[in-house]
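Below: the structure, in structure tokens.
The values are calculated or read from the model by the stated rules, or taken from the named source; none is laboratory data. These numbers come from a predicted model, not from an experiment. So basically every Cβ, Gly included, is an ideal-geometry build from the backbone, and we count neighbours across all protein chains shown. For the accessible areas, the whole protein counts, side chains as well, though only heavy atoms, and no ligand, DNA or RNA atoms are used. Shrake-Rupley method; radii C 1.70, N 1.55, O 1.52, S 1.80 Å.
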Amino acid sequence: MDETRNRILRATCKAVRQYGLDGVRIQNISELAGLSPGALYRYFDSKETLLEACFVDVDKRVAELFDRMGIDWEKVLADPVNAVRTLWLSYFRFWIDRPDETVFYNSFRNTPGFHAFDRARDTSHFQTLAGAMERTKDMFPGLQEINQTILYIHILGTTVMYARCVVEGILPDNERTEEEIFRLLISGLTGFLRLE
């Protein structure tokens, strides 16, 4: 990726964390990126396209995390809750370790136009995660009873929201918080994680 474009995307996350999604201006982003607004517009023709590109960039890094994780399917069968906990903890720590991206991603997901954008965008970078979800649903048919959008929001979206609370200091960053959040998330799934 072009280094200047990459710098702009990182500056966008930082600026959104500082000024909020509604308050951020191209001028704020260009200053943090060390560019003039005109130079920034050579890469992105509007604030909207920049925010969308930034979301996709962060989303692709999340997909790369899932690509690297690897799943031990024997452990999933033997102890599904602990297997999910191990995977979830990596996902949660990804966000905790990236406070600017966490605030940006959570803010962008909560915009009124997000769902239309989400339906229209390319998500092929999530092939590994999609394949793992399909295999998990085959292993635990109870998961097929859940509306998949609800399942996605319950685990992925809610995790980002809790991570934002941690990076903003609303919740402490410690093992107890991680365990409580995980227990809250998984309690809604335990009835569906049964072999049939």
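Please indicate, with yes or no, whether at least one residue in region 87-100 is assigned to a loop (DSSP other than H, G, I, E, B), small (Gly, Ala, Ser) and either more than 26 Å from residue 10 (Cα to Cα) or open to solvent by 30 Å² or more (accessible area, probe 1.4 Å) (or both). Walk me through it before giving the result.
Of the residues in region 87-100, the ones assigned to a loop (DSSP other than H, G, I, E, B) are 97-98.
If we keep only those that are small (Gly, Ala, Ser) too, we end up with none.
Taking every residue of region 87-100 in turn, none turns out to be assigned to a loop (DSSP other than H, G, I, E, B), small (Gly, Ala, Ser) and either more than 26 Å from residue 10 (Cα to Cα) or open to solvent by 30 Å² or more (accessible area, probe 1.4 Å) (or both).
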Could you list, in sequence order, the residues of region 118-134 that are in a helix (DSSP H, G or I) and either closer than 21 Å to residue 17 by Cα or of a type in the set (Val, Ile, Thr) (or both)?
-> 128
Out of (1) surrounded by 15 or more Cβ atoms within 10 Å (Cβ to Cβ); (2) not in a helix (DSSP H, G or I), the one residue 16 does not meet is (2)
For region 134-186, enumerate the residues that are within 20 Å of residue 13 (Cβ to Cβ) and either aromatic (Phe, Trp, Tyr) or in contact (Cβ under 8 Å) with a residue 40 or more places away in the chain (or both).
-> 156, 157, 159, 160, 161, 162, 163, 164, 166, 167, 168, 173
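Take the residues in region 29-63 that are part of a helix (DSSP H, G or I) and of a type in the set (Asp, Glu); name whichever of them is surrounded by the most Cβ atoms within 10 Å (Cβ to Cβ). Can you show your working first?
So the first thing to find is which residues in region 29-63 are part of a helix (DSSP H, G or I), and the list is 29-33, 37-41, 47-63.
From what is left, the residues that are of a type in the set (Asp, Glu) are 31, 48, 52, 57, 59.
Numbers: 31: 15, 48: 11, 52: 17, 57: 19, 59: 17.
The selected residue is 57.
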Out of region 64-79, which residues are of a type outside the set (A, V, I, L, M) and open to solvent by 40 Å² or more (accessible area, probe 1.4 Å)?
-> 64, 67, 68, 70, 72, 73, 74, 75, 79
Per the list (1) of a type in the set (Ser, Thr, Tyr); (2) open to solvent by less than 30 Å² (accessible area, probe 1.4 Å); (3) more than 11 Å from the chain's Cα centre (by Cα), residue check on residue 159 breaks on (3)
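Please enumerate the residues belonging to region 159-196 that are at pLDDT below 90 and part of a helix (DSSP H, G or I). Don't jump to the end; show me each part of the working.
Residues of region 159-196 at pLDDT below 90: 183-196.
Result: 183, 184, 185, 186, 187.
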Log entry, pairs with first residue in region 87-101 being closer than 11 Å to residue 167 by Cβ, second being open to solvent by 40 Å² or more (accessible area, probe 1.4 Å) and of a type in the set (S, T, N, Q), beta carbons closer than 6 Å, six or more apart or on different chains, reads none
